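The values are calculated or read from the model by the stated rules, or taken from the named source; none is laboratory data. Since the structure is predicted, the reported quantities are computational estimates derived from the model, not experimental observations. Every residue, glycine among them, receives a Cβ derived from its backbone with ideal geometry; neighbour counts consider all protein chains shown.
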Amino acid sequence: MAETLHETILIVDDMPENVTLLVRILANQGYTVQTAENGAQAIKAAQRTSPDLILMDISMPGMDGFETCLCLKQNERTCDTPVIFISALDDIQDKVNAFQSGGVDYIPKPFDNEEVLARVATHLEIHRLRVQLQSANRELTSRLDELTRSQEQLHERQMKLDAFVNALPSLSFIYDEEGRYLEIMANETSLLATKAESLKGHLIAEVVPAPEAALMMDAILKAIETNETQVIEYKIPVLAGGERWFEGRVALMEKGADGHSKVVFIAAEISERIRLHQEIQRLANQDPLTACFNRRYFMTLAEYELQRSVRYQRPLSLIMLDIDEFKHFNDQYGHQIGDQVLCTLVNLCQKKLRSIDILGRYGGEEFIILLPETIAAGGLQAAERLREKIEKMEIASIEAKMPVTVSMGVASLDANFNTSQTLDMLIQRADQALYNAKSAGRNCVRSG
């Protein structure tokens, strides 16, 4: 029996056969599954039970999936619940609408069971990490608020300062206006940059790397000048080994008439919070199967490159790549081998592309490649080289070799840099060229 995962998934679909299939494959993995036949039922169910993830069809009676998703995102109770669209609609605009309405992913019907489970697991993991990060932020904010309130009493007496700071599981320092260590109070000495007895009397610039020393000194001088608490984040090597992230809070302790001042500096380690944030960013930008960029993040990078190309009148090419007869390939060898083909193709492309090129999974067996600083002829040459390499690509798990071929469409900007040019227009041209390549017999490259 599958392990109970204690995570609830809401399926919204008016087709009983789709619901039955999804319920079976998700329940077999240990998920708790709820269902709704339409958008109104979905909104009520989500507000009542707060599911961890929603699988949403688009075409439904009454309120469609786009409207339902928008309503969920506008409600405080359900705005953070991830929504994955599962739909037979395969038009580019439908997919764009899905992401614009707040969806985190789009799975075309008919779907592959393993892919559904992989995407569900990935977005549940992102959701869990986001909840953990929010909890860590609340805990850290609560802790730092408590420290800030206590700092308001530090000017009364030096002894009160020492007693208070020594009781905290943080690093605390007193600096003068030049950044000289006057007092060091640390229960966790392994988080110091060097031994506590070696710090007193030395300047920050003599202890920590130059960029971080400059950041800390800037915060100290601003705290003295404005009498306002300064908050910074920095990373330095520590005695425990490696580098750790800290959040430093700097508050004015005293300011003498002769210009001599003192500040108190409270440093709390935030390495775990930073790690969680970076992991969320990685998962949010990556296709869960192939590890190349997902469609949403690719579009963000591509939009920036297109604007740069138009602004500076620099050439740019875009390739739409689709694996030929991929359904027949899956039917003959199974979806696991099909997944291996996708991963092997991505690995090959990443090795053959330049470091400035951008590869993303557009959907299913379709990929998209952006080639900055590349004229039309160069885009065609790059596509043709990839096509030849892919045709010779070997899949280790396949006993009887079946060649993998691709069709490609190429669109470029290298002559007309009209500022009205949009990424959607460039993609449409490449998509039409891809269609022409398919019509020409597949396993070829066409330009648009």
Of the conditions (1) farther than 26 Å from residue 131 by Cα; (2) among the acidic types (Asp, Glu); (3) part of a loop (DSSP other than H, G, I, E, B), residue 17 fails just one. Which one is it? (3)
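Could you list, in sequence order, all residues of segment 56-101 that are small (Gly, Ala, Ser) and under 25 Å from residue 117 (Cβ atoms)? Working first, answer last.
The first filter runs over segment 56-101 and keeps only residues small (Gly, Ala, Ser), leaving 59, 62, 65, 87-88, 98, 101.
Once the filter is applied, which keeps residues that are small (Gly, Ala, Ser) and under 25 Å from residue 117 (Cβ atoms), segment 56-101 yields 59, 65, 87, 88, 98, 101.
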Determine, yes or no, whether residue 104 is buried (at least 18 other Cβ atoms within 10 Å of the Cβ), within 27 Å of residue 330 (Cβ to Cβ) and not assigned by TED's automatic domain parsing to the domain that holds residue 42. no
Filter segment 183-213 down to the residues that are in contact with a strand residue (DSSP E or B) (Cβ under 6 Å, 6 or more places away or on another chain) and over 20 Å from residue 247 (Cα atoms) and list them by number. 200, 202
Those residues of segment 269-287 which are closer than 29 Å to residue 339 by Cα and buried (at least 18 other Cβ atoms within 10 Å of the Cβ) amount to 276, 280, 287
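Rundown of residues vs (1) surrounded by 13 or more Cβ atoms within 10 Å (Cβ to Cβ); (2) over 21 Å from residue 74 (Cα atoms), yes/no style:
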| position | (1), (2) |
| --- | --- |
| 6 | no, yes |
| 12 | yes, no |
| 23 | yes, yes |
| 27 | yes, yes |
| 34 | yes, yes |
| 42 | yes, no |
| 45 | yes, no |
| 48 | no, no |
Looking only at residues that are within 23 Å of residue 114 (Cα to Cα) and aromatic (Phe, Trp, Tyr) in segment 300-359, which one is modelled with the highest pLDDT? 326
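Could you tell me whether residue 81 is polar (S, T, N, Q), at negative phi, in a loop (DSSP other than H, G, I, E, B) and touching a strand residue (DSSP E or B) at 6+ places or on another chain (Cβ under 8 Å)? Lay out the reasoning, then the answer.
On the way: polar (S, T, N, Q): yes; at negative phi: yes; in a loop (DSSP other than H, G, I, E, B): yes; touching a strand residue (DSSP E or B) at 6+ places or on another chain (Cβ under 8 Å): yes.
Answer is yes for this residue.
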